[in-house]
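The values are calculated or read from the model by the stated rules, or taken from the named source; none is laboratory data. The shown structure was predicted, so the numbers you read here are calculated from the model rather than taken from an experiment. Note: ideal-geometry Cβ built from the backbone for every residue, glycine included; neighbour counts use all protein chains shown.
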Amino acid sequence: MVVGRRAFTLVELLVVIAIIGVLVGLLLPAVQGAREAARRMSCQNNLKQLGLCLHNFESARKKLPTQGDYQTNGTAVYWSAQTRLLPYAESSTVHQLIDYTKPIAQQPQVARIRIPFLICPSEINDKERPDGPTFVHYPLNYAINVGEWLIMQPPQGKGTGVFLVNQEMKLAGITDGTSNTLGMSEVKAFTPYLRDGGNPASDTPVPVRPEDVAGFGGEFKADSGHTEWVDARSHQTGFTTTFPPNQRVPYLHNGIPYDIDFNSMREGRSATVPTYAVVTSRSYHVGGVNSLLMDGSVRFVSQGISPGAWKALGTRSGGEVVQEDW
């Protein structure tokens, strides 16, 4: 007697596929969440390394690095603070390639180097940016605190943050306390921005509404902010505390909406015109950004932090007390 084997019916097969689909749908968010948690932790480790670099630099030099070292009209040197930290991050080989007496434009072999601890694992644009037919830049995701709004009144820096143009800050100058003062925070690579409009000219209050920034005008660059890890200018390697983390700053160009940064006059471009900047800390992490405090600790700062608390964390000597849980 031959007994036939019972096979799956089409309905049963569809039920099994449906069950598998449901299980995958349930598991996928958990897997993605675990991956993002790992990326966020890796990002925090990068900032902790940068914190150690800053303190080792200060220990060796008794001062912190400048935001940038400029000559009149920016004709010579404007290397970023991040480049100055390379010897303290076991990157002496890259550091030795840099001749700080010559402009970045004359050293393309340095500008295109990818520095791993300057890139967040969640960054979706971890790639080179061509700049002209032969020159290439590489982006970064960890920017220095250059203040709230006014960055430079030539020839000196005027920022309220920790890093100043043409000046080296001492830790003793952070009178708000290193545990209450931001040193670095996350930014997104390839950020659109406005630059060099020359407005505001002087003594303009800090913008209160993000919508007001577009009115200052300037040359629009669609995708090159924070793409030059070697360049000291605020829209490339800095951030400001004008607005809290991940705040959208709207700008409409040719009918296309953008979330922008702003630099009224690139540092070193003019011997008289001041630099005002709105460069928002942004990340791809859900709900906030990773930030480095000047005591070397790293915190995940909620994008729901109040503007006043964020600004207070950004000033080195404002005398503010941050009372909310951030």
Val94 fails exactly one of (1) within 19 Å of Thr237 (Cα to Cα); (2) part of a loop (DSSP other than H, G, I, E, B); (3) modelled with pLDDT under 95, namely (2)
Testing Gly198 on (1) farther than 24 Å from Ile115 by Cβ; (2) touching a Gly at 6+ places or on another chain (Cβ under 7 Å); (3) surrounded by fewer than 24 Cβ atoms within 10 Å (Cβ to Cβ), one condition comes back false. Which one is that? (2)
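So which strands (runs of 3 or more DSSP E) stay within the stretch 211-326 end to end and still have 3 or more residues that are basic (Lys, Arg) and touching a residue at least 60 places away in the same chain (Cβ under 8 Å)? Give the derivation first.
Details: elements: 219-225, 250-253, 256-259, 261-263, 275-278, 288-293, 298-302.
Where strands (runs of 3 or more DSSP E) fall fully within the stretch 211-326, none carries at least 3 residues being basic (Lys, Arg) and touching a residue at least 60 places away in the same chain (Cβ under 8 Å).
Being crowded, with 18+ Cβ neighbours inside 10 Å and in contact with a helix residue (DSSP H, G or I) (Cβ under 8 Å, 6 or more places away or on another chain) is true for just one of Pro192, Pro207. Which residue is that?
Numbers: Pro192 fails: in contact with a helix residue (DSSP H, G or I) (Cβ under 8 Å, 6 or more places away or on another chain).
Exactly one of Pro192, Pro207 is crowded, with 18+ Cβ neighbours inside 10 Å and in contact with a helix residue (DSSP H, G or I) (Cβ under 8 Å, 6 or more places away or on another chain), namely Pro207.
Out of the residues in the stretch 88-118 meeting the condition of being basic (Lys, Arg) and within 13 Å of Asp231 (Cα to Cα), tell me which one is surrounded by the fewest Cβ atoms within 10 Å (Cβ to Cβ).
Residues of the stretch 88-118 that are basic (Lys, Arg), as a first pass: 102, 112, 114.
With within 13 Å of Asp231 (Cα to Cα) added as a condition, the list becomes 102, 112.
On the way: Lys102: 12, Arg112: 17.
Of everything passing the filter in the stretch 88-118, Lys102 is surrounded by the fewest Cβ atoms within 10 Å (Cβ to Cβ).
Looking only at the stretch 266-287, how many residues end up being at positive phi and buried (at least 21 other Cβ atoms within 10 Å of the Cβ)? So that I can check it myself, show each step before the final result.
We begin by selecting, within the stretch 266-287, every residue at positive phi; these are 268, 287.
Among the residues that remain, those that are also buried (at least 21 other Cβ atoms within 10 Å of the Cβ) are: 268.
Here the count works out to 1.
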Give the residue, chosen from Asn246, Asn254, Asn263, that is of a type in the set (S, T, N, Q), more than 13 Å from Lys188 (Cα to Cα) and surrounded by 19 or more Cβ atoms within 10 Å (Cβ to Cβ). Asn263
Taking interchain pairs and intrachain pairs at least six residues apart, which have beta carbon atoms under 9 angstrom, with the first residue in the stretch 106-127 and in contact (Cβ under 8 Å) with a residue 40 or more places away in the chain and on the phi < 0 side of the Ramachandran plot and the second assigned to a helix (DSSP H, G or I) and small (Gly, Ala, Ser)? Ala111/Ala105; Ile115/Ala89; Phe117/Ala89; Cys120/Ser42; Pro121/Ala38; Pro121/Ser42; Ser122/Ser42
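For (1) in contact (Cβ under 8 Å) with a residue 24 or more places away in the chain; (2) among the hydroxyl-bearing types (Ser, Thr, Tyr), each residue gets a yes or a no:
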site	(1), (2)
Pro133	no, no
Tyr138	yes, yes
Asn141	yes, no
Ile144	yes, no
Val162	yes, no
Thr175	yes, yes
Val187	yes, no
Phe190	yes, no
Tyr193	yes, yes
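In the stretch 314-326, what residues are of a type outside the set (Ser, Thr, Tyr) and either under 16 Å from the mean Cα position of the chain (by Cα) or modelled with pLDDT under 95 (or both)?
Looking only at the stretch 314-326, we keep the residues that are of a type outside the set (Ser, Thr, Tyr), and these are 314, 316, 318-326.
Once the filter is applied, which keeps residues that are of a type outside the set (Ser, Thr, Tyr) and either under 16 Å from the mean Cα position of the chain (by Cα) or modelled with pLDDT under 95 (or both), the stretch 314-326 yields Gly314, Gly318, Gly319, Glu320, Val321, Val322, Gln323, Glu324, Asp325, Trp326.
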The stretch 267-313, subset more than 17 Å from Thr241 (Cβ to Cβ) and among the charged types (D, E, K, R), residue modelled with the highest pLDDT: Asp295
Among the residues of the stretch 5-56, which ones are part of a loop (DSSP other than H, G, I, E, B) and at pLDDT 75 or above? Thr9
Is it the case, given these coordinates, that Val2 is part of a helix (DSSP H, G or I) and either modelled with pLDDT under 85 or on the phi < 0 side of the Ramachandran plot (or both)? no
Return the total of residues in the stretch 97-133 being assigned to a loop (DSSP other than H, G, I, E, B) and either modelled with pLDDT under 95 or not hydroxyl-bearing (Ser, Thr, Tyr) (or both). 23
